[in-house]
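This report concerns only the one structure given below.
The values are calculated or read from the model by the stated rules, or taken from the named source; none is laboratory data. This one's a predicted model, so the numbers in the text were calculated from it and none came from an experiment. All Cβ positions, glycine included, derive from the backbone under ideal geometry; neighbour counts span all protein chains shown. Each accessible area value is taken on the protein alone, full model and side chains, heavy atoms only, with ligands, DNA and RNA left out. Shrake-Rupley method; radii C 1.70, N 1.55, O 1.52, S 1.80 Å.
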Amino acid sequence: MAIRKVARMGHPVLRQKARPLTPEEIKSEPTRRLILDMVETMKEYGGIGIAAPQVHESIQLALIEISQAGDKYDDAEPQALTVLINPKITVLDKTPQGFWEGCLSVPELRGLVFRPRKVEVNYLDQNGKACKVVAEDFLATVFQHELDHLDGVLFVDKIEDRTQLAFLEEYQRHILPLQRDDIGNLDD
Ligand code: NI
């Protein structure tokens with residue numbers, strides 16, 4: 001396994017539409033290795049999700065893992081490692097919910113993004129098996145943030161009120177203490 005270099009905002013790979021993987025590719029050794037490297041890279045940077053374009057691979061592959069309590073996501077339900085290949089997302093409840101989001105590709109910034117509160121994702125797992133997950137609340141935002149990367153979209157594109165974009169340090173100092181109960185924070 002190896003920690004891969006993370007592409008930062010401005011690198012064209014983050015703005016490309018990622019291509020789907022073929023069944024042969026899903027089971028291939030390079031894909032297996034890429035998934036292991038993405039897990040290691042995500043953990044190294046303290047993220048809870050990572051998409052292949054963030055490690056310079058323009059393919060429809062992303063993963064999410066939210067570990068047990070003790071980390072910075074107090075209000076988040078744990079989510080076992082989920083590998084999403086060729087995902088399709090459907091909104092089940094479009095009621096907007098706001099979270100302060102961060103991204104490994106947009107380091108040191110936080111922005112308030114409103115997204116639908118409940119989604120369904122159909123995808124293939126690392127073995128090529130068809131799977132479905134329904135996510136709501138915080139987890140729904142995590143899935144939408146990661147899958148946006150496969151369309152070349154970053155969270156900063158979705159900030160409606162650009163006064164709600166801040167450096168992490170200032171966010172922690174000035175915004176977090178005043179935060180309303182109905183707005184959370186997501187740092188991946
Ligand atoms: Ni991200």
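Evaluate the relative contact order of the chain (contact order divided by residue number), counting alpha-carbon pairs under 8 angstrom at least 6 apart; express in whole percent. Show your work: numbers first, answer last.
On the way: 373 pairs, mean separation 46.7, N = 188.
Once normalised by length, the contact order is 25 percent.
How much net charge surrounds LEU21 when only other residues with a Cβ under 15 Å from its Cβ are counted (Lys, Arg +1; Asp, Glu -1)?
Cβ neighbours under 15 Å give a net charge of +2.
Please work out the ratio of the alpha-carbon Rg of segment 99-139 to 2.2 N^0.38 Å and round it to two decimals. Before the final figure, lay out each step's value.
On the way: Rg = 13.9 Å, N = 41, 2.2 N^0.38 = 9.0 Å.
Normalised Cα radius of gyration, segment 99-139: 1.54.
Quick check on my link table: of LYS17/LYS118; LYS88/LYS118; LYS5/LYS118; LYS88/LYS158, which ones sit more than 22 Å apart, alpha carbon to alpha carbon? Don't jump to the answer; show the numbers that get you there.
Working: LYS17/LYS118 24 Å; LYS88/LYS118 14 Å; LYS5/LYS118 32 Å; LYS88/LYS158 19 Å.
Over 22 Å Cα-Cα: LYS17/LYS118; LYS5/LYS118.
List the residues whose amide H sits under 5 Å from the amide H of LEU21, counting only those 5 or more places along or on another chain, with H placed 1.01 Å from N in the peptide plane.
GLN60, ASN86
What residues have an amide H closer than 5 Å to that of ALA7, excluding those fewer than 5 places away on the same chain, when H is modeled at 1.01 Å from N in the peptide plane?
VAL55, HIS56
Could you give the accessible area per residue of segment 28-140, probe 1.4 Å, as a whole number in Å²?
The answer is 45 Å² per residue.
Quick one: what are the phi-derived ³J(HN,Hα) couplings along segment 16-27, Karplus 6.51/-1.76/1.60 with θ = phi - 60°, whole Hz, x for glycine and proline?
7, 7, 6, 8, x, 8, 7, x, 5, 5, 4, 8
Probe radius 1.4 Å, ligands and nucleic acids left out: which of THR141, THR163 has the largest accessible area, and how do the rest follow?
Largest accessible area first, the list is THR163, THR141.
Would you work out what percent of the accessible area of the chain, with all protein chains in place, is carbon or sulfur (probe 1.4 Å)?
51 percent
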